[in-house]
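The values are calculated or read from the model by the stated rules, or taken from the named source; none is laboratory data. Everything quoted here is computed from the prediction, not taken from an experiment. All Cβ positions, even for glycine, are placed from backbone atoms using ideal geometry, and neighbour counts span all protein chains on display. The accessibility values were calculated without ligands, DNA or RNA, using every heavy atom of the protein model including side chains. Shrake-Rupley method; radii C 1.70, N 1.55, O 1.52, S 1.80 Å.
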Amino acid sequence: MKILVAKDAGYCFGVRDAVNLAKKSGDDFQEVYMLGDIVHNERVVEDLSKTGSKVVASLDDIPEDKPVLFRAHGTNPEIWKEAQKKKLNIIDATCPLVTEIHEEIKMLESENRKTIIIGDHGHDEVVGIAAQVKKPIIISNVEEAKALGRMRKAGVVSQSTQMIENVQEIMSILMSKVFDLRFVNTICYPTRKNHEQIKELSKIVDVMIIIGSFTSANSKRLTQLAKQRNENSYQVVDELDLKSEWFEGVDKVGISAGASTPDNIIQSVTKHIKNLSN
């Protein structure tokens with residue numbers, strides 16, 4: 001059995017840097033506090049908790065002498081202000097590409113445009129982007145775009161991990177509804193590369209495996225991309241989710257992983273599939 005692993009599977013640089021910063025902060029301060037999970041991966045959160053990373057619901061839950069780490073997804077400016085007012089030690093792990101989206105949407109608003117975000121409702125990154133401006137519109141799918149009324153002037157950004165097909169379909173509808181429309185393509189480069197590799201890989205293998213938490217919108221999108229091209233596509237959290245019957249009579253297996261999946265889980269899944277073929 002031949003196993004092909006996508007070149008850009010797993011951690012993007014923003015997530016890798018945030019996780020490493022959390023580990024270092026845990027070592028330096030014994031404890032580091034976060035408002036919510038640092039990434040959408042249970043194994044990563046569990047491993048970090050052993051090195052001093054603690055998840056809290058509010059800044060009030062953080063001891064005065066301990067740092068708060070703002071996650072890769074981005075943070076509401078009001079929480080920044082509150083943390084500064086409390087004089088907390090702030091460690092900023094925001095992905096630079098997410099920070100760019102924050103700046104882009106503020107620029108669009110400064111041009112007196114209605115701001116629109118193409119992204120998943122309630123997702124941490126989308127919540128952070130929306131907090132940068134007043135009353136943005138969040139659109140997750142074509143149906144929501146069709147329900148919008150006509151506008152004179154609008155500006156659009158997208159969640160960094162959106163599928164380009166979804167963005168294109170929504171934009172084609174917005175073009176018919178907005179007289180003066182400006183779009184900034186904020187799908188991040190690592191996401192685009194991983195999506196393209198999965199599209200190609202899933203077409204040339206017998207079975208496609210996507211590794212990622214089911215709490216991760218990014219991983220679920222990758223699975224959707226694979227399934228559209230190969231019906232024998234499966235999402236797993238780790239090697240324990242693999243089923244031997246998936247690989248019976250199979251010559252080629254493709255593997256990719258979501259942006260919040262660490263290298264060690266990809267390696268464990270790959271090793272387990274190899275063992276199944278022996």
Between the alpha-carbon centers of segment 71-113 and segment 129-152, tell me the distance in whole angstrom. 20 Å
Explain nothing, just compute: Karplus ³J(HN,Hα) = 6.51 cos²θ - 1.76 cosθ + 1.60, θ = phi - 60°, for every residue of segment 211-227 in order, whole Hz, x for Gly and Pro. 9, x, 5, 6, 8, 9, 4, 4, 5, 5, 5, 4, 4, 4, 4, 5, 4
Based on the alpha-carbon gyration tensor of segment 188-278, what equivalent-ellipsoid semi-axes (square roots of 5 times the eigenvalues) come out, in whole Å, largest first? 20, 15, 11
Which distance in nm do the two modelled labels at K50 and I164 give, with both placed 7 Å along the Cα-to-Cβ direction? 4.0 nm
Nearby aspartates and glutamates by direct alpha-carbon distance to K243 (threshold 17 angstrom, same-chain neighbours under 8 apart not counted): D206, E231, D251
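Please state the equivalent ellipsoid semi-axes for the chain: what are the square roots of 5 times the Cα gyration tensor eigenvalues, largest first, in whole Å?
Numbers: eigenvalues 220, 164, 29 Å².
Gyration-tensor ellipsoid for the chain: 33, 29, 12 Å.
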Determine the per residue accessible area of the chain with all protein chains present and a 1.4 angstrom probe, expressed in square angstrom. 48 Å²
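Among the listed pairs K66/K135; K220/K271; K85/K134; K24/K134; K50/K81; K50/K87, which are separated by more than 31 Å between their Cα atoms? Let's see the in-between values first.
On the way: K66/K135 34 Å; K220/K271 23 Å; K85/K134 23 Å; K24/K134 36 Å; K50/K81 29 Å; K50/K87 26 Å.
Flagged as over cut-off: K66/K135; K24/K134.
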Give the aspartates and glutamates reachable from K114 as a straight Cα distance under 14 Å; neighbours fewer than 8 places away on the same chain don't count. E104, D180
Go from 0 up to the bin containing the longest alpha carbon distance in segment 221-274, width 10 Å each, and give me the % of pairs per bin. 21, 58, 21, 0
Between segment 155-183 and segment 224-240, what is the C-alpha centre distance in whole Å? 27 Å
Between N112 and K24, what is the label-to-label distance in nm when each label sits 7 Å out along the Cα-to-Cβ direction? 4.5 nm
Excluding residues fewer than 8 positions from K7 in its own chain, the aspartates and glutamates with Cα under 16 Å of it are E196, E200, D263
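First compute the accessible area of the chain with a 1.4 Å probe, then give the percent of it belonging to carbon and sulfur atoms. Kindly include the intermediate steps, with their values, before the conclusion.
Numbers: 6600 of 13450 Å².
Roughly 49 percent, rounded to a whole number.
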Within segment 93-118, which residues have the backbone N less than 11 Å from the label spot 7 Å out from E78 along Cα→beta-carbon, could you tell me? none
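What percentage of all Cα-Cα pairs in segment 38-190 are separated by more than 22 Å?
Details: 5371 of 11628 pairs.
Pairs farther apart than 22 Å: 46 percent.
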Cα pairs beyond 13 Å in segment 1-55, in percent, come to 61 percent
For peptides 87-97, 260-270, sequence by mean Cβ density within 10 Å, most packed first: 260-270, 87-97
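Given segment 87-170, what whole percent of its Cα pairs are spread farther than 17 Å? Mind dumping the intermediate values first?
Working: 1665 of 3486 pairs.
Counting pairs separated by more than 17 Å, the tail of P(r) holds 48 percent.
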